[in-house]
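First comes the structure, then the notes that go with it.
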Amino acid sequence: DIPRIATPARTHAIMERFGFHTKKHLGQNFLTNLDVLSGIVRAAAIDDHSDVIEIGPGIGSLTQYLAEAAHQVLALEIDAALLPVLADTMAPYPNVTVVNQDVLAANLQELINTHFDGQHDVKVVANLPYYITTPILMHLMRTTVDFSSITVMMQGEVADRLTAQPGSKDYSSLSIAIQNQMTVRVAMTVNRHSFVPAPNVDSAIIVLQRRPQPLAMVNDPAGFDRLVRGSFASRRKTLWNNLQQLYGKAPDVKAAMTAALADSGIEPGVRAERLTITDFALLFNNLQKHHV
Ligand code: SAM
């Protein structure tokens, strides 16, 4: 049996052997809890039908579990100092390929075409570097790649925003951007002491899957995004005030906005946090109809 990389003792021994020190600015918090590692593989439902893209393998703690369960693993690591470590820890796993790559600069479709055979489900699994959680999620959402799921560890507060429902304090334009396109579920919450070094906050493992259709049926997704962000721009202000800030205060604009709100059955005095994605879509389509 191949020993686990992620026991606290082995993690420290590996780092010491390679003279490696974790870098805070790259979000390097390595998992040292074996139950959490099995939990991630289970949440992602990784088996021999899966090809996995891992973002940020670190010293290979999670990669080892993925390699043992999946068909192929492609791991993108930005820190070149980890390459010799991974060459060593991943030596027993011929189905793992490590690429020295910034995930945000990566053409994921091209990497998939190069490294995978097209006969397996493609899944993303990661213990994310927390300083770029949202940019990575947006990058994954924007690609045309048809991931069968995205299973990612992130800081608890971001997980709360991703899963927030209308009326909650965490409900924001990020909740809407993600939930519009994806189903989101919390698989597990994870104590900060499951990592070395321990981050300042607890974490959660989230599973995202693309919906067959976005919830908001709109013909201008960028314009829709602008409406949603603008509506949340000043959280304590009313929708009406935020809309004026966004579209202007000219009399004809105000008249058109009033008509669009009335057609949508939305009170101008409401706050954006009360509106569902479907409400926003209806409002957006009515604003278009009234030429706002
Ligand atoms: N997977 C390992 C684990 O669970 O122990 C390490 C996770 S650690 C939270 C995040 C990893 O992402 C680090 O190895 C870090 O170097 C890497 N990373 C940071 N920014 C990255 C980027 N833009 N692209 C790819 N990897 C990145």
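Where a number appears in this text, it was derived from the coordinates with a stated rule and is not lab data. This one's a predicted model, so the numbers in the text were calculated from it and none came from an experiment. Every residue, glycine among them, receives a Cβ derived from its backbone with ideal geometry; neighbour counts consider all protein chains shown.
Which condition number does Ser175 fail, the rest of (1) of a type in the set (S, T, N, Q); (2) free of Cβ contacts under 8 Å to residues at least 40 places away in the same chain; (3) within 25 Å of Ser38 (Cα to Cα) being met?
Result: Ser175 passes all but (3).
Of all the residues that make up the range 255-292, how many are closer than 28 Å to Lys169 by Cβ and outside any helix (DSSP H, G or I)?
Qualifying residue count for the region: 9.
If you check every pair at least six apart or on different chains, which have Cβ atoms under 8 Å apart with a residue in the range 90-116 that is among the polar types (S, T, N, Q) first and a residue that is within 16 Å of the ligand (Cβ to nearest atom) and in a strand (DSSP E or B) second?
Taking only residues 6 or more apart or on different chains, the pairs are Asn95/Val73; Thr97/Val73; Thr97/Leu74; Thr97/Ala75; Asn100/Glu77; Gln101/Leu76; Gln101/Glu77.
State which residue is nearest to the ligand (Cβ to nearest atom) when the search covers only the range 1-22 and only residues that are part of a helix (DSSP H, G or I), closer than 15 Å to Met90 by Cα and in contact (Cβ under 8 Å) with a residue 24 or more places away in the chain.
Taking the range 1-22 first, the residues part of a helix (DSSP H, G or I) are 8-17.
Add one more test, that the residue is closer than 15 Å to Met90 by Cα, and what stays is 10-11, 14-15.
Narrowing the set further to residues that are in contact (Cβ under 8 Å) with a residue 24 or more places away in the chain leaves 11, 14-15.
Values: Thr11: 8, Ile14: 11, Met15: 11 Å.
Only one residue tops the list, namely Thr11.
Among the residues of the range 19-36, count how many are crowded, with 16+ Cβ neighbours inside 10 Å and more than 20 Å from Val152 (Cβ to Cβ).
1
Against the conditions (1) without any contact (Cβ under 8 Å) to a residue 24 or more places away in the chain; (2) surrounded by 17 or more Cβ atoms within 10 Å (Cβ to Cβ); (3) closer than 30 Å to Val122 by Cβ, where does Pro221 fall short? Just the number, please.
Failed condition: (2).
Of all residues in the range 66-79 being surrounded by fewer than 24 Cβ atoms within 10 Å (Cβ to Cβ) and within 10 Å of the ligand (Cβ to nearest atom), which is nearest to Thr151 (Cα to Cα)?
Step by step, filter the range 66-79, then rank; the result is Leu76.
Kindly evaluate Val122 against the criterion of being buried (at least 18 other Cβ atoms within 10 Å of the Cβ), under 30 Å from Leu275 (Cα atoms), touching a strand residue (DSSP E or B) at 6+ places or on another chain (Cβ under 6 Å) and touching a residue at least 24 places away in the same chain (Cβ under 8 Å). Full working, then the answer.
Working: buried (at least 18 other Cβ atoms within 10 Å of the Cβ): yes; under 30 Å from Leu275 (Cα atoms): no; touching a strand residue (DSSP E or B) at 6+ places or on another chain (Cβ under 6 Å): yes; touching a residue at least 24 places away in the same chain (Cβ under 8 Å): yes.
No; evaluated as a whole, the condition is false for this residue.
Does Ile132 meet the test of being in contact (Cβ under 8 Å) with a residue 60 or more places away in the chain and more than 17 Å from Asp51 (Cβ to Cβ)? Write out each step before concluding.
Working: in contact (Cβ under 8 Å) with a residue 60 or more places away in the chain: yes; more than 17 Å from Asp51 (Cβ to Cβ): yes.
Yes.
Give the residues of the range 123-161 that are among the hydroxyl-bearing types (Ser, Thr, Tyr) and within 15 Å of the ligand (Cβ to nearest atom), sorted by residue number. Give the steps one after another, and end with the answer.
Kept after step one, since they are among the hydroxyl-bearing types (Ser, Thr, Tyr), are these residues of the range 123-161: 130-131, 133-134, 143-144, 148-149, 151.
Scanning the range 123-161 gives Tyr130, Tyr131, Thr133, Thr134, Thr143, Thr151.
Considering only residues that are among the aliphatic types (A, V, I, L, M), surrounded by 16 or more Cβ atoms within 10 Å (Cβ to Cβ) and under 17 Å from Ile132 (Cα atoms), look in the range 80-107 and name the one that is farthest from the ligand (Cβ to nearest atom).
Ala106
With the requirement that a residue be surrounded by 18 or more Cβ atoms within 10 Å (Cβ to Cβ) and touching an Asp or Glu at 6+ places or on another chain (Cβ under 7 Å), what does the range 161-196 give you?
Arg161, Ala164, Tyr171, Ala177, Val190
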